[in-house]
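Reviewing the structure listed below.
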């Protein structure tokens, strides 16, 4: 489904919030991550990686903003140049140059809204990442992980079901490999020789269309940033300008929706709050919070063997 068709089809389904809410496994392995005061993650580095400029806004913006508010220094990586999509703010096909420049500007503003210190564009062609050497992408990500000293990554889940977009699963596979390989000195040793010490990523928050949910993150306190990040994403969509467009279309038919308010900004924000974040609202309701995001979470020590774990728990000074 094209992004420009996503929200109209959403409106056509009165059961959207219920039918699209991700199923939450009722198991002891499921964790509800709540806000933590006093910035306990001060000094840690977060890398949020997306294939396109709307991936993080639609799926993980609240969690990225939450972790940054709790002390992380954050960076946003966009793998493609988004050279397919709507022209900025118009919802109609434009030139490739308009697509690329509009999405680049939107992505930089999204990074600012979420509190990121910086952002990086890898600039691969949209929907063409399957043509790119996987080792090339892995190497670029390893460099970023080592240079920035990344502790935690947010990205698409490389193991998820029902993923149809090649850019999503290609960048996800690259992230999974780079997170491990960045800690091995013999992988891309020229980077180590240039002073970028090996660094293994300790935590991964993976999102997906149908995730294997092991962690639900309460993003109630960040929902305004989620809405603003999606509103800013006007060139790619699907949410950025559809509220104001719907308001204009209704006015031409001598109709109005009180939900959309009296100006474009109100229309866009209220539209996103009512429709675009409906899934987060439905998931939050299942866990006793207002809004939530779902992840396949992999935490520190996930790859340890029993000997390593025993040493960690029982070793004493000699």
request  = Can you tell me the equivalent ellipsoid semi-axes for the range 190-318? Use √(5λ) from the Cα gyration tensor, largest first, whole Å.
outcome  = 46, 19, 11
query = Stretched out fully, how many nm does the piece from residue 95 to residue 257 gain, at 0.36 nm a residue minus the Cα gap?
reply = 55.0 nm
key: Ranked 296, 186, 52, 241, criterion: other C-beta atoms within 10 Å, fewest first   = 186, 296, 241, 52
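Determine the equivalent ellipsoid of the range 95-183 by diagonalising the alpha-carbon gyration tensor, then write out the semi-axes as square roots of 5 times the eigenvalues, largest first, rounded to whole Å.
Working: eigenvalues 91, 69, 34 Å².
Each semi-axis is √(5λ); the values are 21, 19, 13 Å.
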note = Ratio for the range 107-153, C-alpha Rg to 2.2 N^0.38 Å, reads 1.33
Antiparallel content of DSSP bridges confined to the range 17-216, in %, to 5 = 10 percent
request  = Please report, to two decimal places, log10 I(q)/I(0) for the range 17-216 at q = 0.08, 0.10, 0.11 Å⁻¹ as given by the Debye formula with identical point scatterers on the Cα atoms and no solvent.
outcome  = -0.27, -0.43, -0.53
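Under the 0.36 nm per residue contour assumption, what length would be gained going from the current alpha-carbon distance of residue 184 and residue 286 to full extension?
Contour length minus the Cα-Cα distance gives 32.6 nm.
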remark   = Ranked on Cβ counts within 10 Å of their own Cβ, fewest leading, 80, 152, 31 go 31, 152, 80
request  = Could you work out how far apart the two model spin labels at residue 163 and residue 318 are, taking each label as a point 7 Å from the Cα in the direction of the beta carbon, and quote it in nm?
outcome  = 4.5 nm
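Since every read-out is calculated from the coordinates, none of them should be taken as a lab result. Please read all numbers here as calculations on a predicted model, not as lab measurements. Because the Cβ atoms are built from the backbone with ideal geometry, glycine has one as well, and the counts that use them run over all protein chains shown.
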